[in-house]
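Below: one structure, written as structure tokens.
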């Protein structure tokens, strides 16, 4: 029986549960003996000119070995923006010099090295930084005016623009047109492990850097580039990682800084940030203002859809600048809409920089079009599930090109909706909703339906690939090296399953290694739900190739025809077909000559997982508080290798999506001061806010890789956010509410009810 | 997230605590459960030079009946109050409210005296104590004195305690089977309340009503209490809940919404206290 598709328990967990993980800050490596501790002095002003930095008192503080200000940086060059088309004027200094500008609360001004970590926090307080405040640009609306320009050398806050305006007559032939401005708010990635890095220089002139990240090879390349080092001199190691969600893709400037500081000090240096530091310093996500316009006929057919995105890039534009292009690519989503228009404009603001966050551009597309579908359904008085059904792209097994330019691999969106509606008992839910509305209950029922398709492994087809190395050892064990970078996903289990499937070696005897650039020089890391379809496929390919190598070797030993040999589970090796126990073992095959395969798998195109979610909420219409009571989801990610782990990805994704819909939002005051920089103020979702999820199975394989697998890491988030938002709106729709922005807090819901009723009382019209 | 340097003194009796407070003066802070004090020290919003740890003062950990009152020692943990059979029988509002504080970790460390002395306007137990008309017993260099709780909470994190005093006991009336209700409105179950309302029928026939997070301190809903005393209906009385309050506007809620919640939660707490339950009570029912 195949091990694939079975619920193999995570092989990582015994260590995690007994010893605990070893995160970057936990390392006790001897190379870090006697390490100094770095503490950064950060701007507490969002926008302003530094007028003085006085480190003299700090230099005399207990335990201080050195304090660096911008004057002490030697020939370090500011770090250019990470995208080649961005103006070099957006470069970020290592430390903002006197006369220079700070651009967000958290910008770096000085750094202190101390013998002990606690001394660093005491000493950092002694660095006196004076900043002349400038007006803060907190919203993209303010940024667009260019009344205050953040980077005078650039001359404008506009960072980039994609797409053209829609033709004026775009909706001219539509019977019904609905338009609304909506917000996809700024949220924190908030991994439980905050950022951390350590560095030690060896006598051989090489530096070893340990840091928490989602791909060692990319992080290494960036750090070497920023510090102008020969990459061969950089050895980067990724210890256990406690969550990333996209915000740990690549390296952050602090990581490179730690390496530079270690070189300057001639001693190893460690750094680990506090939660408050993380909540202002780490990349954040989403941050789009959108205008959706949808048009069609009263019988439910949508014929034109427009999405205008305004992206907040934050202070120093990074990868978030190009995420709207994914939003635009996926604008049409699961729908067969004849005319789709999308465009985006991106602005710098005095907020934390925006990066990738679970879904990264695609949730924004789904949230927009699903809101639009609901608005359209409400306008024509049709059930929102029915409107979706009318407009779905029909089931397909050959690639389909969409109006917004994507080429989907395989999908059956209507089947996903059918399954989820049936599992949810949609008709009965609507009946119960009607009863409660009839009775005028305080607790009203809301039912939200979302359908989604997203793009995973989006780097596929652009010449990127993933590699795997597989070796069987003379003791009968095996080792997999992978260029992916698990940080909670469970690759050690799944990759071992993929090797075990071909070799017959039990997963307990297969070790999966990653995140050491000396051992795995190349790799794309783990992001964008790419790992299984690229890295897993590479492991599968390596295992197939290794069996071929072994088959030839065994044929010689056994004087048999290679075609007559097969993997023999009982014998842990290869035997002549039909005569198990008669062949050679893996141990014998690996004894005389190394039994190893290195291979590269290149996916020709991305994959497009899809699904449908039903969220049920109960809303207290007197207080406005909505409680999620059910979440029923279909998340079709093609062939599932390990259902246990796939379900775990769905659980986490769904939960994070609910958090955005109901609770989470990074807020600044008008001066750009963060209002949500602790976990007391920033409410990510917890188990007490969530029902048990009802997961419905569906698997439509992709032809794009031999596993038939699509990505599953982000799908849950993409489906649940609009479903929950829609459910909240639906729960109070009978009171005249058509829209509530995210997060749909109780205050927002209460106010929406009141405004709808006031406006209804005045003119009897809709909200 | 590391506190500024401080000295640490651990005491085992009230007398030692008072002596230590006298010795270290206004730079000292009393540490009990630490779940309010330590976070603000880590953020360096509080920088005491000495912590006097009273969490080991056994003589202050008790819940007992004394005459027509229940006396509760200051280092009684929320969890102990929640599980106290004496409290459950004599003043059931308090163990219920204790069960709604934070999460289990907080309830196993936090103390009743600590939450009263800390004087956070959003605190659960001070709100309940205010509705009950409790008496705060403090002890200092010149001995013990009793302060009516209505005179104890003076302002934002400011109490009627003098320098060198610490809270040693809370005394509340025995309400027995009299009705009570506590309505706590949060974003998430474990959060601080955006607004909370406590209502309790007192032995003298009156109804005590108090609100959390409707101003710089926990507040008595005096207008509501007066209206009830005049025989007004729950609905009529609850409409007055925001009178005399000064709720803040912050990222969690603005003043207008808080005022609305104060009226709504007061109405609900009073109805629960009166034994009227139904669709409008705070507990959720699954679909």
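The values are calculated or read from the model by the stated rules, or taken from the named source; none is laboratory data. These numbers were taken from a predicted model, which means no experiment stands behind them. Virtual Cβ from ideal backbone geometry, glycine too; neighbours counted across all protein chains shown.
Odds and ends about this structure:
- Wholly within region B:105-197, strands (runs of 3 or more DSSP E) carrying at least 3 residues that are at pLDDT 95 or above, buried (at least 24 other Cβ atoms within 10 Å of the Cβ) and at negative phi: B:166-173, B:180-185
- Complete set of residues in region A:123-144 that are surrounded by 22 or more Cβ atoms within 10 Å (Cβ to Cβ) and in a loop (DSSP other than H, G, I, E, B): A:127, A:136, A:137
- The number of residues in region A:246-290 being under 21 Å from residue A:214 (Cα atoms) and more than 14 Å from every other protein chain (Cβ to nearest Cβ) comes to 20.
- Within region A:232-277, the set of residues being more than 27 Å from the chain's Cα centre (by Cα) and over 24 Å from residue A:41 (Cβ atoms) comprises A:232, A:233.
- Which listed residue, of A:570, A:612, is more than 14 Å from chain B (Cβ to nearest Cβ) and assigned to a loop (DSSP other than H, G, I, E, B): A:570
- Scanning region B:1-31 for residues that are crowded, with 19+ Cβ neighbours inside 10 Å and either within 14 Å of chain A (Cβ to nearest Cβ) or assigned to a helix (DSSP H, G or I) (or both) yields B:3, B:14, B:17, B:18, B:20, B:21.
- Residues of region B:231-254 that turn out to be within 22 Å of the chain's Cα centre (by Cα), within 13 Å of another protein chain (Cβ to nearest Cβ) and either over 26 Å from residue A:676 (Cα atoms) or outside any loop (DSSP other than H, G, I, E, B) (or both), as a count: 1
- From the list A:199, A:166, A:143, the lone residue that is away from chain B (no Cβ under 14 Å) and modelled with pLDDT under 95 is A:166.
- Within region B:32-47, tally of residues that are more than 14 Å from every other protein chain (Cβ to nearest Cβ), touching a helix residue (DSSP H, G or I) at 6+ places or on another chain (Cβ under 6 Å) and either surrounded by fewer than 18 Cβ atoms within 10 Å (Cβ to Cβ) or closer than 25 Å to residue A:677 by Cβ (or both): 2
- Condition met for residue A:193 (modelled with pLDDT of 95 or more and surrounded by fewer than 16 Cβ atoms within 10 Å (Cβ to Cβ)): no
- Given (1) surrounded by fewer than 24 Cβ atoms within 10 Å (Cβ to Cβ); (2) in contact with a strand residue (DSSP E or B) (Cβ under 9 Å, 6 or more places away or on another chain); (3) closer than 24 Å to residue A:707 by Cβ, number of the condition residue A:654 does not satisfy: (1)
- Leading residue by the ranking (farthest from residue A:32 (Cα to Cα)) among those in region A:67-118 that are touching a helix residue (DSSP H, G or I) at 6+ places or on another chain (Cβ under 6 Å) and within 14 Å of chain B (Cβ to nearest Cβ): A:112
- Test: residue A:396 is touching a helix residue (DSSP H, G or I) at 6+ places or on another chain (Cβ under 7 Å) and within 30 Å of residue A:638 (Cα to Cα): no
- Residue match in region A:691-703 (condition: surrounded by fewer than 24 Cβ atoms within 10 Å (Cβ to Cβ), at pLDDT below 95, more than 14 Å from chain B (Cβ to nearest Cβ) and in a loop (DSSP other than H, G, I, E, B)): yes
- Any hit, region A:377-391, residues being touching a strand residue (DSSP E or B) at 6+ places or on another chain (Cβ under 7 Å), surrounded by 23 or more Cβ atoms within 10 Å (Cβ to Cβ) and free of Cβ contacts under 8 Å to residues at least 40 places away in the same chain: no
- Among the residues listed as A:168, A:203, the single one being more than 30 Å from residue A:378 (Cβ to Cβ) and without any contact (Cβ under 8 Å) to a residue 60 or more places away in the chain: A:203
- Residue within region A:433-448 that is surrounded by 22 or more Cβ atoms within 10 Å (Cβ to Cβ), more than 32 Å from the chain's Cα centre (by Cα) and more than 14 Å from chain B (Cβ to nearest Cβ) present: no
- Selection count where residues are in a loop (DSSP other than H, G, I, E, B) and in contact with a helix residue (DSSP H, G or I) (Cβ under 8 Å, 6 or more places away or on another chain), scope region A:667-678: 3
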